[in-house]
Every structure is written in structure tokens, then in C-alpha cells.
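The values are calculated or read from the model by the stated rules, or taken from the named source; none is laboratory data. The model shown is predicted, which means the values in this text are computed figures rather than measured ones. Note that we place each Cβ from the backbone using ideal geometry, even for glycine, and neighbour counts take in every protein chain shown.
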Amino acid sequence: MYKNSLIANSVRFALISGAAAAAFTAPTVIAAEEDKVERIEVTGSRIKRTDLETASPITVFSAADIAASGVSTMEDFIQNIPAINGGAEGSSVNNGSRGFATASLRGLGSGRTLVLINGRRFASGDLNSIPTAYVERVEVLRDGASTIYGSDAIAGVINFITKKDFEGVEFQAQYDQASEGDGEKTLLSLTTGASSDRGNVVLSLQYTERKKILQGDRSFSECPIFERDGEKVCGGSGTIPYGQFFNDNYSGHVKDPETGTVRPFDQAIDGFNYATTSYMVTPQEVFSINGAGRFDLTDTVSTFIEGGFTNRKSDQLMAPEGTFWGPTMPATNPYNPVGEDIFVVRRLRETAGRAFTQDFSDYRMVAGLEGVVFDDFDWDISYNYARFVDARLDEGRVNPDRIDTLLDPALCDADADCPEVWNITEAGTLSEDMINYAFVPNSPIVRGETRQLQANISGGLFGLELQGGEVMFGAGYEKRWEEYSSTPDGAASIGQIYSVAGEATEGQYSVDELYAEMDFPILSGVAFAESLRFTAAIRYSDFDFLDDSSTNTKFGLEWAPIEGLLLRSTLATGFRAPSVSELYSPQSETNLAYNDPCENYGSGSQSATVKANCAAEGLPGNFELSSNQSSTIVGGSEDLQPEESDSLTLGVVYSHDSGFSIGLDYFDIEITNGIGTAGTDNIVSGCWESTAFSSPLCDFIEGPGRTGDAPHATSPYRTALGPVAGVVLTNANLSTFQTSGVDFDISYKTEIGAGDFGAVLNGTYLDKYNYVPFDGAEKVETAGKVAADQWETTLAVFSQWRTNLTLNYVMDDWSVTWQSRYQSEGEDYFASEDNLDNIADAVFYHDIQGTYFVLENTSLTLGIKNLFDQDAPYISNNQDMNTIPASYDTAGQYWYARVNVTF
């Protein structure tokens, strides 16, 4: 149990009352013994106050809320918060994943959502590094906080408050399994703590494991679907195990594996089903150890330390490598089916697939002093050191030069290590000796480091009082250092691994910052002003790599005209310098889904301009793609400049003694000079909609030569297989974002029979999510659409409605919880009447959990997530798995059991 203290008990009462109640109760004073008042610090301000409510909209989730959700990782909990939107990285991202789990408030990108641990940064920002057992509560600040926490807080802050005043031992074990019998999850945790009159120590260990689920293990994703003549057809990639070959005389032909005759490629017959060797849910193992200690040196000075280490082993698996660059099979090759030079795209199916593994270590150490001076000023000084090392291993990667050698008898004869000439146009012909000769592992290492020196002071402004009380202030200084490096594999550095960046990159910067806050309690306890207060904050930031410094401000107003009713508003400017990874990450190739404007353009509804451009490319009217993924260049840029923002919130909060509470908060955020990418769909659509490819967007398409792919016979923009290639999506200051909407939180608590009933509804309505990809471009309006996430460079559903409804009933020895999670539909931004389905359907997920308290210190929990086994919906223009995996539950129904024991 936790150490008994007045403040701990007060906060705990607010938290166990439910997330929504803690989020928007009217101002509540925490009274101490003999009418003494104790102050607490709430996320979004460094000033300690005697109430839990501020001008900024904050939602607080307790450890009990996390347990009631049935999750085993913080990823699963955070990404289900309604204010989260867009395509954050997580377990359902396989292609291009780093193994990270991220959060994106307002859908503005994980880089604009600042993730903190006890109000301090950590280097990776990976939610996998935060164990559920160590979290006391999560505070989600839903407006800009650059003035308080510095850069990266434009969209808001997620602050994980860890257990500190903990006594005893708590053990937890949980096991989850999908109803299909796969995707097992295991959680084991142990937390222990001890206290004395002068301090406390706590230690927490946690282990989690998540097993894989393959795309082929679910009916909706077991085969890649393409549409032909108004029907869904099982197809697949045009890079196939017996090779598709091209030249001026043969455009997309194969040697039939049954008859041996040469015929045109047919996706319905020949397409390679990559779903059978691609993950739907990526596996991982995570071990973490965290600890904290506090010791009172004197009655007014304490020292504290925090430390944490996490090791994550995560994996992704994609279909086997292909000869996507189209190596030449010369006429001299004795197996050449047509007797003339051809280039062949062939799936190397004899290998197990492209396996990507991350051995990721995350470190965090904090040491500091805190105390009270002159009986009224709280101060602290701390040094925070955080570092991660991401050691990666990619297997199943190919050396293109050696593939060329295997195909050319002259080259093979000249190389003593070449085993024999290869027949690339037949399946099963890549021998073990050839694999050993032509394949090479890739083992890059990425490192990041954050060091942070902080000093803060807050308290009363030297006795200055207004009618509502004492004027409070906070001020502080922060020095932060950021470092990043990416070291490529040796073979990649000399260009011997296909489609792998070979350039080492590294960089660093530092920033000096000063901030100040003021809290003016103007009125209190008068007619139409139970409370009226004004807050103001300012922050000065000086980055060593920027020419100019930046100053940002935030103002807040809180007015409680009557008891139980609060009106609030904030107005803030924000500032975000590019991160070290945005500046210095290597430029590399990935494959992103897009909507091709030329598919079946001869009989389609495309504009006359599009049809003319498709014809100018030399494409047939019935043109179709075997893959809708474009080879794309992504990565950092040292030319980036800061982005700036303006944000406004307007809110009303009402609570009644009956147990009813409601809160509504309007938000409006505008970002200028935004760091992002133009988006593959936007680039391709805008280019093809321009007369004779005249749009500046066409300059972003450098063609297959940029990515080393086999060129198309007639189009300079496409590979031999047909997709647009060489799209440059490196980071740039080219976007303006504007998003607005309403957050709503409603709760009700009452006694029913012998137990307590509670209902909590949290939700977000997204009214507007617009961006301008670059100067002069048309505005892209994505609220309620399926569109490219400009930060994550993947398709996402920007649902207009996201809600969570939780119903809970508790008696002495048992409790039951029902949660419904809803998100509204999304229409394809590039919807076409030629598509079978332009809508990613709305979904309702239902979860149920029951807990029985066997003994005073032991509870048993059983639960089902996705009770009705809701499949991810189909949409014609999909990202992967025939759906939008970043926005839906792809694994299906899960059963879980948990035991919790405390001593």
C-alpha cells in the first residue's frame, strides 16, 4: 500500500473516483490538519497550487484506470485515448517499423507530443520503455505547453507519474491470448518499497512478451486484394518466385511454371501472396527495471534519485527480398527463355523472408535536490541523463552486384566464389550456395542521448496579495543537450546491400532556456466569482544551431461564477525546434501506399488532364498495379528550421454533489513552417492533375533511378512493375497545419443496491484537420477522411468521432467493467467511383472485465477485449492487410486473465 499522508490520500481519492472525475472537477481545496494547506504540482505548470483544476484541459488516468482497461502495455492504453489520432507507430505497424510505440495527440505527430516521466524528458520517447506496474497515474495535457516544458509540446504533453511513496510488495501476472489461439501476451511484474521517517525507496521490475500474428492468419488479410471488373480478386505482388521479365519486346511476361511457355503476367494467376510471410502483429520482449529514492537531509532539504533501464527485443517480418531493381539476365544465360537480354523482378522465395530485429536499450538516471526556503518557496535542482542504443539486425538482404554475377556466365566464370549460373525465371532454383554467396546481413546501430539540467523555484510573490489570495510565481532555468548518431553496416557503407542507406550521420545541439510563470487570484468568494484567476507564462529559448532565439507566451483565465461551475481558456504561442533525428537521421528507402491516378483510366472517371498524362506515359487504358506501394526516400535534413504555433482552448466544467460531472473543451491549433512531408498521395495526385506534368510537385518524383529500381519501358516516373518510384519525402519546412475540435468528458457516480456504479464518457470530435503541403498548394482537408499522416508518412483514418464509454460496478468482493470504444468512419481522400469501397467503416469495440477479490490482498481478473471479434474494415485504397492497420484493431478478440497480490 502507499504511505499514508494527507496529500497522497487526497490525490488517490480523486484518481480512484475515475479518470473523467479527476479530469474536470471544479476547483477543490485540499485542507490539511489545523487548516494548513498543502500545495501540489499539476502537469502544465511548475507552480504548486492547492486545487487540482487549472485553465489548461488535463485528463488524469490512475493505475486503477489502466488495470480496468485490461492492457499489458502502455502502448495499448495511450493509443486508445480519444484525443490520440493519426497513424502512430505500434504493434500493428510491420513495414517500416523501428519497434517503437508512439503517441500522437490531435494527430499532429509523435514529435509534437512531448512524453515525460515525472515531468522530465527521456531520450527515446518509446512507450515500451514505460512499464505499467511502475505508473501511479498518467496526466494528459491537451493544449500547448512550450512555455513550461520547451520544444516538442505543441500538441500537448503526456506525463507519466511513477510510484514513489510505495510500501510493501505488489506482484502481478497477466496472460492474454487471441481467440484464434495465437498472439499470446505475458506480463510479470514485481514492485516493492519501504519507508522510514526520513525517506522512501521503491523498486519495480517488469517483463512483457508479445507473440506474433501473421497477416495470413486472419481471413480479412490472408491475401492481398485488388479489384478487377468490379470484383475483389486475390492477387499479390508482381515480384514473383518465378520472375516477371521485361524488355522492349516483352512487357510484363513470365515463363509459365506449368507449361514452360512464355505468356503475359496476370496478377490474379501469378501475383505473389506476401501476406503469408508478413506480420500483422509484431512480436517483442521487454524487460525493465526502475527505481526511485528520496531522503530528507534536513527538515527543509531532500535529495532524490530516479533510475530506469529497459531492454526491448522486437521483430518485424516481411515477404522475402526481391530483385526489385530488375537485374539483367543476358541472352548468354543458358536459361534465358526468350534468347535476348531481359531484366527480371523475381521474389527470392527460397529464403525465409526479410527479418528485422531491434535489440534496444533505454537508460535514464536522475539525481537532484529539493526543498523549501524561507518557509514559502519550493525549489528543486536536478540533472537528468537519458540515452538509448538501438542495435539492429536485418537478415534476408541481398547484394545486387552478386545477383548480377549469378546471372551472367562471363561474370560468374571470372569470380571463383560464384557457385554457378542461376536460372532466375524458375521457382526453387536459388540454391543454398547461391544464398550464401549473394545474401548479406545488415547491422546498423542508432544512438540517441539527452542531458538535462533543471533548476526551478516557485512560491508566493513576497507577500503580494489580491482579493482572491496570494499572487504566486514560478521561474526556472534549463540547459539541455541532444545527440544522435546512425552508424551503417560495413557492407551498406560501400553500397553492397540493396535499398539500405550507407551514409553515417551524426549531430548534436544544445539549448539554454529561461521561463517564468505568474498566477493572479483576482477574486474569491464574491457574487458571481467564487474564483477568478489569471495566469501568464513566458519562455526564452536559445538553440546553438539557430540564428535567432525564440520567446513564447501563454495566458490562462479561470472563472468559477458559482460553486461547481468553471469557465476556462488558454491562449498560447508555441515553438518546436527540429529534433536531432529530424536533422540527422539518414535518408533511406521505404515503400508507402498511394492511390494511383492511372489505374483503368481508359474507362474510369478521371479528369481529362489525368487521362492525357497517363496516355503520355505510354500506359494502356486498362493499366493496373500489382502493388500500390511507391519506393520512397525518407529521412532527415540539416536545413530544417523551427516551426511555430498558436493555440486556443475554451472550456466549461460543471460538477454536482449528486456525482454528475461534465466538461467541454474547444481546441484550435495552428502550426506554421511545419516540418513534414508533402505526402505520396498529394504529390502524385497534384502532379498528374497538372497539364503535361507541369506542377512543382512533379519535382518531388525523381523516378526509379533514384531508388535503383528497374525502369518502366515508357514512363520516366515508374518502375517496370508500374508503381511511381523515387518519391522524395525527406523532412522539410513546407506545411501549415490547422486542427480544431471539442473534447468532452462526462461522468456519473452513485450507489446502486449494495455497490457503487460509475459511468465515464471521454471523447473527441475532430471538426477540422487541414494542412497545406507547401506554399501555393491547395489546402488538404482530412477530418473524417483516410489520408496520409504527414508525420508518420502512412495512411491513417482521421475519424471525426472517437469516444470511450466505461461502465463500472463495484461491491465488497467483486467488480465488473464494460468499455465501448468507438471511432467514426473515414472516406478515402482520393475517393473514386471506380473503387469498390471508398469508406473505412466506423467500428465499435467492446471490452468486458470482471475482478474477484479472493483475499484481502489477492484479486483475480478475467476479461475479453473486442468481445464481438470486430474485423478491420476493407477499403480499396489501403495501407496494408487490405485495411488501415494503424487505425484499427487487426488481431481480433482477446481473452486474458490476471492475478494481483499485495503484501
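Conditions tested, residue by residue: (1) at pLDDT 95 or above; (2) buried (at least 20 other Cβ atoms within 10 Å of the Cβ); (3) out of contact with any Ser or Thr (no Cβ under 9 Å at 6 or more places or on another chain); (4) hydrophobic (A, V, I, L, M, F, W, C).
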{"site": "424", "(1), (2), (3), (4)": "yes, yes, no, yes"}
{"site": "431", "(1), (2), (3), (4)": "yes, no, yes, no"}
{"site": "460", "(1), (2), (3), (4)": "no, no, yes, no"}
{"site": "477", "(1), (2), (3), (4)": "yes, no, yes, no"}
{"site": "480", "(1), (2), (3), (4)": "yes, yes, no, no"}
{"site": "489", "(1), (2), (3), (4)": "no, yes, no, no"}
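Only strands (runs of 3 or more DSSP E) wholly contained in segment 233-313 count here; list those with 2 or more residues that are under 24 Å from residue 121 (Cα atoms).
Strands (runs of 3 or more DSSP E) meeting the threshold: 284-296.
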Pairs with Cβ under 8 Å, 6+ apart, first in segment 589-601 and more than 16 Å from residue 709 (Cβ to Cβ), second among the hydrophobic types (A, V, I, L, M, F, W, C) and in a strand (DSSP E or B): 593/795
The one condition in (1) assigned to a strand (DSSP E or B); (2) of a type in the set (Ser, Thr, Tyr); (3) without any contact (Cβ under 8 Å) to a residue 40 or more places away in the chain that residue 486 fails to fulfil: (3)
Any hit, segment 36-56, residues being in contact with a Gly (Cβ under 9 Å, 6 or more places away or on another chain), part of a strand (DSSP E or B), modelled with pLDDT of 90 or more and buried (at least 22 other Cβ atoms within 10 Å of the Cβ): no
In segment 446-495, the residues that are under 27 Å from residue 364 (Cβ atoms), of a type in the set (A, V, I, L, M, F, W, C) and within 33 Å of the chain's Cα centre (by Cα): 446, 453, 455, 475, 481
Residue match in segment 678-701 (condition: part of a strand (DSSP E or B), out of contact with any Cys (no Cβ under 8 Å at 6 or more places or on another chain) and at pLDDT 90 or above): no
Test: residue 152 is at positive phi and either assigned to a loop (DSSP other than H, G, I, E, B) or free of Cβ contacts under 8 Å to residues at least 60 places away in the same chain (or both): yes
Segment 362-388: number of residues that are under 27 Å from the mean Cα position of the chain (by Cα) and surrounded by 17 or more Cβ atoms within 10 Å (Cβ to Cβ): 9
Residue within segment 314-321 that is within 37 Å of the chain's Cα centre (by Cα), acidic (Asp, Glu) and either buried (at least 16 other Cβ atoms within 10 Å of the Cβ) or not in a strand (DSSP E or B) (or both) present: yes
Selection from segment 349-401 of residues that are in contact with a Phe, Trp or Tyr (Cβ under 6 Å, 6 or more places away or on another chain) and within 27 Å of residue 434 (Cα to Cα): 394, 398, 400
Members of segment 855-877 found to be part of a strand (DSSP E or B) and either crowded, with 17+ Cβ neighbours inside 10 Å or in contact with a strand residue (DSSP E or B) (Cβ under 6 Å, 6 or more places away or on another chain) (or both), listed by number: 858, 859, 860, 861, 862, 863, 864, 865
So residue 349, is it under 32 Å from the mean Cα position of the chain (by Cα), buried (at least 19 other Cβ atoms within 10 Å of the Cβ) and in a loop (DSSP other than H, G, I, E, B): yes
Residue within segment 239-260 that is under 21 Å from residue 353 (Cβ atoms), free of Cβ contacts under 8 Å to residues at least 40 places away in the same chain and either crowded, with 23+ Cβ neighbours inside 10 Å or under 38 Å from the mean Cα position of the chain (by Cα) (or both) present: no
In segment 513-528, the residues that are without any contact (Cβ under 8 Å) to a residue 40 or more places away in the chain and buried (at least 17 other Cβ atoms within 10 Å of the Cβ): none
Residues (of a type outside the set (Ser, Thr, Tyr) and part of a loop (DSSP other than H, G, I, E, B)) located in segment 66-84: 70, 71, 79, 80, 81, 82, 83
Residues within segment 125-149 that are in a loop (DSSP other than H, G, I, E, B), farther than 26 Å from residue 862 by Cα and either modelled with pLDDT of 95 or more or within 19 Å of the chain's Cα centre (by Cα) (or both), tallied: 5
Residue that is farthest from residue 599 (Cα to Cα) [pool: residues in segment 810-834 that are assigned to a strand (DSSP E or B), within 32 Å of the chain's Cα centre (by Cα) and among the hydroxyl-bearing types (Ser, Thr, Tyr)]: 817
Every pair of residues 6+ apart whose Cβ atoms lie under 7 Å, when the first sits in segment 858-871 and is on the phi < 0 side of the Ramachandran plot while the second is of a type in the set (Lys, Arg): 861/898
Given (1) surrounded by 19 or more Cβ atoms within 10 Å (Cβ to Cβ); (2) more than 24 Å from residue 608 (Cα to Cα), number of the condition residue 700 does not satisfy: (2)
Hits in segment 389-401 (condition: crowded, with 17+ Cβ neighbours inside 10 Å and either on the phi > 0 side of the Ramachandran plot or not in a strand (DSSP E or B) (or both)): 396, 397, 399, 400
